[in-house]
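Got a structure for you, questions after.
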Amino acid sequence: MSMPRALAFVIKEFKEIIPPTLFFGIGFSLIYLTTQLILDDYLVRLANFMVVIGAALVVGKSVLLANALPISRRFEGAPLIQPVLFKTTLFFLVVFVVRFLEKLVEYWLGGGTVSGIPDYVARHFTWHRFAAIQIWIFVLFLIYTSVAELNAVLGEGELLRMIFTRRSSDPRPSRR
């Protein structure tokens with residue numbers, strides 16, 4: 001791969017990772033902030049914003065990975081609800097697997113053994129916290145995929161134009 005093609009590829013990938021990373025960075029920051037506000041009554045500190053941003057990067061990369069799978073285009077042309085729900089579920093499952101494997105890698109790096117995985121998962125894994133985060137990830141993916149699919153149907157950039165440009169003063173649609 002020549003240098004200009006490699007640079008073009010990196011730029012393309014960077015442009016694709018910005019929207020999901022930014023969206024999930026904001027979403028995770030709001031979740032972190034509200035959780036911390038509740039925990040402050042108990043003088044408990046949660047992780048810091050760097051962990052939140054790291055999680056957003058993992059999810060952003062997971063979106064790119066899931067979008068690259070041929071199965072992600074399964075419902076193209078179907079009513080909008082089908083690709084939204086399908087991609088939300090697909091992205092959710094990819095992030096679930098990535099997050100679960102990340103916890104297992106942490107366990108192994110901490111001196112864990114393969115034979116100790118069942119015990120670790122059953123007794124030491126924080127399932128309530130993991131499930132709460134996964135629920136929020138599902139909700140955020142539902143919002144993200146709804147907006148992304150709507151943008152794709154309307155045409156790239158049309159949704160942003162509709163949201164951020166001034167409308168005419170006539171509320172009725174024009175007929176030509």
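Quick note: the coordinates plus some simple rules give every number you see, no bench work behind them. As the structure is a computational prediction, the values presented were derived from the model and not from experiment. Note that we place each Cβ from the backbone using ideal geometry, even for glycine, and neighbour counts take in every protein chain shown.
Quick one: Karplus J couplings for the range 57-72, per residue in order, coefficients 6.51, -1.76, 1.60, θ = phi - 60°, nearest Hz, x for Gly and Pro?
5, 4, 5, x, 5, 5, 4, 4, 4, 5, 5, 6, 6, x, 5, 5
Rounded, prolate or oblate: pick one for the chain, where a ≥ b ≥ c are the square roots of the eigenvalues of its C-alpha gyration tensor, a/c under 1.5 means rounded, and failing that, prolate if a/b is larger than b/c, else oblate.
Prolate.
Over the range 38-176, what relative contact order in percent results from Cα pairs under 8 Å that are six or more residues apart?
Details: 47 pairs, mean separation 32.1, N = 139.
RCO, the range 38-176: 23 percent.
Tabulate in residue order the Karplus-calculated ³J(HN,Hα) for the range 138-146, using 6.51 cos²θ - 1.76 cosθ + 1.60 with θ = phi - 60°, rounded to whole Hz; enter x for Gly and Pro.
4, 4, 5, 5, 4, 5, 4, 5, 4
So what is the 222 nm mean residue ellipticity for the chain from helices alone, if each DSSP H run of at least 4 adds -39500 (n - 2.57) and you divide by all residues, rounding to the nearest 500 deg cm²/dmol?
Details: 5 runs with 121 residues, N = 176.
Per the formula, -24500 deg cm²/dmol.
Count the net charge of all other residues whose Cβ sits under 15 Å from the Cβ of residue 64, scoring Lys and Arg as +1 and Asp and Glu as -1.
+3
Give me the net charge for the shell around residue 91: Cβ to Cβ below 15 angstrom, other residues only, Lys and Arg +1, Asp and Glu -1.
Charge balance near residue 91 sits at +3.
With a 10 Å Cβ neighbour count serving as the proxy for reagent exposure, in which order, fewest first, do 99, 74, 166, 161 appear? It would help to have the intermediate numbers written out before the result.
Working: 99 17, 74 13, 166 5, 161 10.
Arranged by neighbour count, lowest to highest, 99, 74, 166, 161 become 166, 161, 74, 99.
Counting other beta carbons within 10 Å of each Cβ, put 87, 103, 15 in order, fewest first. Intermediate results must be reported in sequence, preceding the final value.
On the way: 87 25, 103 15, 15 9.
Ordered from fewest to most neighbouring Cβ atoms within 10 Å, 87, 103, 15 come out as 15, 103, 87.
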